[in-house]
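Report on one structure; see the data block that follows.
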Amino acid sequence: GQVFANYIVDVQEFQHDEKDRSQFGIRTIITSRATLIEKARIPRGATVLRLLPFNEEQRNKWVASWNSLNSSGFREHGIEPLKIPASSAVLELAEQPLLLLMLAIYDSYGNPLKGQKVLGRTSLYSELVSLFIHRECNKDQAFRDLPDNQQTLIVLQQRKRLGLCALGMFNREKLSITDQELQ
């Protein structure tokens, strides 16, 4: 119900605090499902947009724009342009603008959407979390020097750690958790 009703106000306060501490302001984008945002307190001056599902023409324009803007990167990394498979599960995800962006990011790592028949939100989120963890770990030369199977184990360990953090925050009804609370 009201557990996280103030989260947008908290973000706004964070923005004001940061503006006072530095010369740079912070812009934020908060995404939410309609059922959750209805329970949130919206600060004065906040801009709220409702992203409606894309129809086929809008989705195709978005994909064409994505492919055009990323064409040099695709060529450089041997990635094919984004093509949304005709499977109903993936098409359903691609109707939502934010999920389409997530599909595009997911596919930019070796085109895993190619030939994909079934992909749900949970699988998509899971894959994106793993890709994020791998990308962050890959910044460390010692990680890059490890064999693939050891890299995979480290990514799985980091996923478990993130899961424990999430569970700790959920149980405490908080949006953050300290090292001491984790211990």
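The values are calculated or read from the model by the stated rules, or taken from the named source; none is laboratory data. Everything numeric here is computed off the predicted structure, so don't read it as measured data. As a convention, Cβ positions derive from the backbone with ideal geometry for all residues, glycine included, and neighbour counts pool all protein chains shown. Accessible surface is based on the protein model in full, side chains and every heavy atom, while ligands, DNA and RNA are left aside. Shrake-Rupley method; radii C 1.70, N 1.55, O 1.52, S 1.80 Å.
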query = Given a 1.4 Å probe, how much area per residue of the range 25-121 is accessible, in Å²?
reply = 71 Å²
message = With the crude spin-label approximation of a point 7 Å out along Cα→Cβ, what separation in nm comes out for residue 171 versus residue 159?
response = 2.2 nm
request  = Would you mind computing, in nm to one decimal, how far apart the modelled labels at residue 75 and residue 48 are, each placed 7 Å from Cα along Cα→Cβ?
outcome  = 4.5 nm
message = Keeping all protein chains in the complex and leaving out DNA, RNA and ligands, what accessible area do you get for residue 101 with a 1.4 Å probe, in Å² to the nearest 10?
response = 60 Å²
ask   = Out of 31, 47, 152, any idea which swings most in a Gaussian network model of the chain, alpha carbons joined below 10 Å?
value = 47
query = Taking 0.36 nm per residue of separation and subtracting the Cα-Cα distance, what length does fully extending residue 20 through residue 123 add?
reply = 33.0 nm
message = In the range 82-96, whose amide N lies under 19 Å from the spot 7 Å out along Cα-to-Cβ of residue 57? List them in ranges.
response = 95-96
message = Just to be sure I understand the rule: take each whole DSSP H helix in the chain, project its Cα atoms onto its long axis, keep it if the span is 27 Å or more and its mean Kyte-Doolittle hydropathy is at least -1.0. Which ones pass?
response = 148-172
Gyration tensor over alpha-carbon atoms, the range 1-146, equivalent ellipsoid semi-axes in Å = 31, 23, 16
ask   = trypsin sites (Lys or Arg not before Pro) within the range 35-66: which are DSSP loop residues with at most 10 other Cβ atoms inside 10 Å?
value = 44, 50
message = Taking the full set of protein chains and a 1.4 angstrom probe, give the accessible area of residue 95 in square angstrom, rounded to the nearest 10.
response = 80 Å²
